[in-house]
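First the structure, in the form of structure tokens, and then the observations on it.
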Amino acid sequence: MTRFVLFLAGFVLATVLAAETKPQGVQRLAVVENVKDYLSSHPGLRAIPLQRTFTKNARSGNLIRYSLGGRSKYDRLVAEEEQQFKYPNLHDVSVQMTYPEKGSQGAMITFVEILAEQSSDIGNAYVVSGGIGQRFISMVVEAKQTQFFEFDAKVYGQ
């Protein structure tokens, strides 16, 4: 009986640790919270909207999927970032994510997906620099008039 309990405890611990780690070589996306300052200091930037493919009611609000590009046979997850923001009152949230991290060489980007959960259904996501077919991408995701904002952004490349 003791061996079974120890085995079960070890299995549960291994499962939890595996769920929390990113695959080897997957980078975190660099996040900038004050996008207005960034855009005002780069007046030549052109925003390319990501495709908003569905909105549906989630357990605590609205789930919105933004995407750009398409998966390819040989691509892999190269960067991922998850964050949560909670506010006591309605708030406009704007977050900028950049791949790769400063000073590193990125993979050729094939696909970007951002899943955003928020209390309102008002929001946008767009590329402000780089993009599909390039080795660099900088994206902005916004949620308007929301009390919470949670996102999971993934970048795939080869």
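Ordering Met97, Met108 by the number of other Cβ atoms within 10 Å of each residue's own Cβ, fewest first, gives Met108, Met97.
Here the alpha carbons of the range 26-157 define both size measures, Rg and Dmax, at 14.3, 44 Å. Taking a quarter of the surface of the Cα convex hull of the range 116-158 gives a mean projected area of 3.3 nm².
In the range 26-157, Cα pairs under 8 Å separated by at least six residues give a relative contact order of 34 percent.
Readers should treat all values here as calculations from the given coordinates under stated rules, not as data from a laboratory. Just so we're clear, the structure is a prediction, and the values are computed from it rather than from any experiment. FYI the Cβ positions are ideal-geometry reconstructions off the backbone, even for glycines, and counts take in every protein chain you see.
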